[in-house]
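Here the structure comes first, spelled out in structure tokens, and everything after it is commentary.
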């Protein structure tokens, strides 16, 4: 498609050239050169490429041509060959025309673009990237040529240059408050993967989930976090929460594990919700493990009933004497039960006490989630931005920030 755009631009330049010759502008062209060239251009208007090429060859046979006549012949042969489907011939003659000192400055860029496109068609990607690069360095701005340049770099395994060019394009789009093209982000992620650049790949995938939040992108980026060195298994419940948010729970075991983790943490309300979603998805309650799923569901419902009694009994009690972790967990439970005002205050107080926590950043991550559940997006983002750590907590917080910022 980019090639087609360059080709149509090439035909347009031919028609402009025909008008210029008819009006006898520019350097003089002898009749024995000008007449067959003019005939070729007229044939090109009718998309009669092979006949146009034959006429241009007549002009090529003329001896002792001037520099400008040589330039004109090279260019029109290139144009006619492109129209005739002879991309190799077109590429060579267009490149020669662009290299001619007689080429008018205003036409050189367009010819370079057309030559790059024809080299791309015949899979001479080194030449395509060379000429497309010249076009861009000389101030060309056509996005189709930019695409040829980047793809040609990629196809010649010049990954570093390709990544640099794509990253610059993405940054330009973002500065203009526009979403980068999905294909650009996909290619950048693929390049970083080829280079085994885990950090670069993660950045590209983060942009994909931010701008194009498809399930497969979320699955990839979440798997990437769990596969990194230093990842803490204690974040498994946070991974599960983000999977539920993004609709990327895929297997029976993912639902079962998430529900069990919630029960272990003392949040049967959350566990019951996860189990219900697993049943609604048709993954739980079926197959040879259906009885096991039923036992888990019964356990969650029993724990939830006990939890409701405990919350009712604890409603009027003072939090004095409780450590930060206990207060925090009780507060989160209130949020899960639809009492965010009290619950969030307790969670904030628990973090301020900072006692009883193994990893305070994990608690801050959970606080962000609680604010999200309470429908307080901006406070959730603020909480996530305070999360640090190199065990996966920071990466998860960043993903939540990206998701909420683009929702």
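The values are calculated or read from the model by the stated rules, or taken from the named source; none is laboratory data. Quick caveat: nothing in here was measured; it's all calculated off a predicted structure. Note: ideal-geometry Cβ built from the backbone for every residue, glycine included; neighbour counts use all protein chains shown.
Could you list, in sequence order, all residues of region 138-150 that are in contact with a helix residue (DSSP H, G or I) (Cβ under 8 Å, 6 or more places away or on another chain), without any contact (Cβ under 8 Å) to a residue 60 or more places away in the chain and not in a helix (DSSP H, G or I)?
Correct list: 138, 139, 140.
Return the residues of region 80-92 that are within 36 Å of the chain's Cα centre (by Cα) and more than 16 Å from residue 131 (Cβ to Cβ); say none if nothing qualifies. Explain how you work it out, then say what you get.
Applying the first criterion (within 36 Å of the chain's Cα centre (by Cα)) to region 80-92 yields 82-83, 85-88, 90-92.
Within region 80-92, 83, 85, 86 meet the criteria.
Counting only residues that are assigned to a helix (DSSP H, G or I) and in contact with a helix residue (DSSP H, G or I) (Cβ under 6 Å, 6 or more places away or on another chain), how many does region 120-132 have? Walk me through how you get there before you give the answer.
Step one: filter region 120-132 for residues assigned to a helix (DSSP H, G or I), giving 120-121, 125-132.
Keeping just the survivors that are in contact with a helix residue (DSSP H, G or I) (Cβ under 6 Å, 6 or more places away or on another chain) gives 120-121, 125, 127-129, 131-132.
Of the residues in that region, 8 qualify.
Give me the residue from region 227-248 that is touching a residue at least 60 places away in the same chain (Cβ under 8 Å) and assigned to a helix (DSSP H, G or I) and, out of that set, farthest from the chain's Cα centre (by Cα).
Just the residues of region 227-248 that are touching a residue at least 60 places away in the same chain (Cβ under 8 Å), to begin with: 228, 230-232, 234-235, 238-239, 241-242, 245-246.
Filter once more, so that each one left must be assigned to a helix (DSSP H, G or I): 234-235, 238-239, 241-242, 245-246.
Numbers: 234: 29, 235: 26, 238: 24, 239: 22, 241: 23, 242: 20, 245: 20, 246: 17 Å.
Checked region 227-248; the qualifying residue farthest from the chain's Cα centre (by Cα) is 234.
Which of the residues that make up region 93-119 are surrounded by fewer than 24 Cβ atoms within 10 Å (Cβ to Cβ), under 32 Å from the mean Cα position of the chain (by Cα) and closer than 23 Å to residue 161 by Cβ?
Filtering region 93-119 down to residues surrounded by fewer than 24 Cβ atoms within 10 Å (Cβ to Cβ) leaves 95-96, 99-110.
When the remaining residues are screened for being under 32 Å from the mean Cα position of the chain (by Cα), the result is 109-110.
The one that is surrounded by fewer than 24 Cβ atoms within 10 Å (Cβ to Cβ), under 32 Å from the mean Cα position of the chain (by Cα) and closer than 23 Å to residue 161 by Cβ: 109.
Can you find, within region 252-261, the residue that is surrounded by the most Cβ atoms within 10 Å (Cβ to Cβ) among those that are in contact (Cβ under 8 Å) with a residue 12 or more places away in the chain and farther than 26 Å from residue 407 by Cα?
So in region 252-261, the residues in contact (Cβ under 8 Å) with a residue 12 or more places away in the chain come out as 252, 254-261.
With the extra rule that they be farther than 26 Å from residue 407 by Cα, the set shrinks to 252, 256-257, 259-261.
Numbers: 252: 18, 256: 19, 257: 16, 259: 27, 260: 17, 261: 20.
Step by step, filter region 252-261, then rank; the result is 259.
Identify, please: which residue in region 44-61 is loosely packed, with under 14 Cβ neighbours inside 10 Å and part of a loop (DSSP other than H, G, I, E, B) and is, among those, modelled with the highest pLDDT?
61
Please go through region 82-104 and give me each residue that is out of contact with any helix residue (DSSP H, G or I) (no Cβ under 6 Å at 6 or more places or on another chain), closer than 17 Å to residue 70 by Cβ and in a helix (DSSP H, G or I), ordered by number.
Taking region 82-104 as the starting set, the residues that turn out to be out of contact with any helix residue (DSSP H, G or I) (no Cβ under 6 Å at 6 or more places or on another chain) are 85-86, 88, 92, 99, 101, 104.
From the residues that got through so far, the ones that are closer than 17 Å to residue 70 by Cβ too are 92, 99, 101, 104.
92, 99 - these are the residues of region 82-104 that are out of contact with any helix residue (DSSP H, G or I) (no Cβ under 6 Å at 6 or more places or on another chain), closer than 17 Å to residue 70 by Cβ and in a helix (DSSP H, G or I).
Which of the numbered conditions does residue 184 fail, given that it passes all the others? Conditions: (1) under 30 Å from residue 85 (Cα atoms); (2) modelled with pLDDT of 95 or more; (3) outside the structural domain of residue 89 (by TED's automatic domain parsing).
Every condition holds for residue 184 apart from (2).
Do you know which residues across region 211-226 are in contact with a helix residue (DSSP H, G or I) (Cβ under 8 Å, 6 or more places away or on another chain), surrounded by fewer than 19 Cβ atoms within 10 Å (Cβ to Cβ) and assigned to a helix (DSSP H, G or I)?
215, 220, 224, 226
Answer with yes or no whether residue 374 is within 17 Å of residue 403 (Cβ to Cβ), in contact (Cβ under 8 Å) with a residue 12 or more places away in the chain, over 25 Å from the mean Cα position of the chain (by Cα) and surrounded by fewer than 21 Cβ atoms within 10 Å (Cβ to Cβ).
yes
Which is touching a helix residue (DSSP H, G or I) at 6+ places or on another chain (Cβ under 9 Å), on the phi > 0 side of the Ramachandran plot and at pLDDT 95 or above, of 247, 285?
285
Checking the conditions here, which among 301, 270 is part of a helix (DSSP H, G or I), crowded, with 21+ Cβ neighbours inside 10 Å and either touching a residue at least 12 places away in the same chain (Cβ under 8 Å) or out of contact with any helix residue (DSSP H, G or I) (no Cβ under 9 Å at 6 or more places or on another chain) (or both)?
Details: 301 fails: crowded, with 21+ Cβ neighbours inside 10 Å.
Checking each option against the conditions leaves just 270.
Kindly indicate whether any position in region 151-163 is over 30 Å from residue 200 (Cβ atoms) and not in a loop (DSSP other than H, G, I, E, B).
To start, the set of residues in region 151-163 that are over 30 Å from residue 200 (Cβ atoms) comprises none.
Checked against the condition, which is being over 30 Å from residue 200 (Cβ atoms) and not in a loop (DSSP other than H, G, I, E, B), region 151-163 yields no hits at all.
Which residues, taken from region 120-134, are surrounded by fewer than 24 Cβ atoms within 10 Å (Cβ to Cβ) and touching a residue at least 60 places away in the same chain (Cβ under 8 Å)? Give the derivation first.
Taking region 120-134 and keeping what is surrounded by fewer than 24 Cβ atoms within 10 Å (Cβ to Cβ), we get 121-127, 130, 133-134.
Passing the criteria: only 121.
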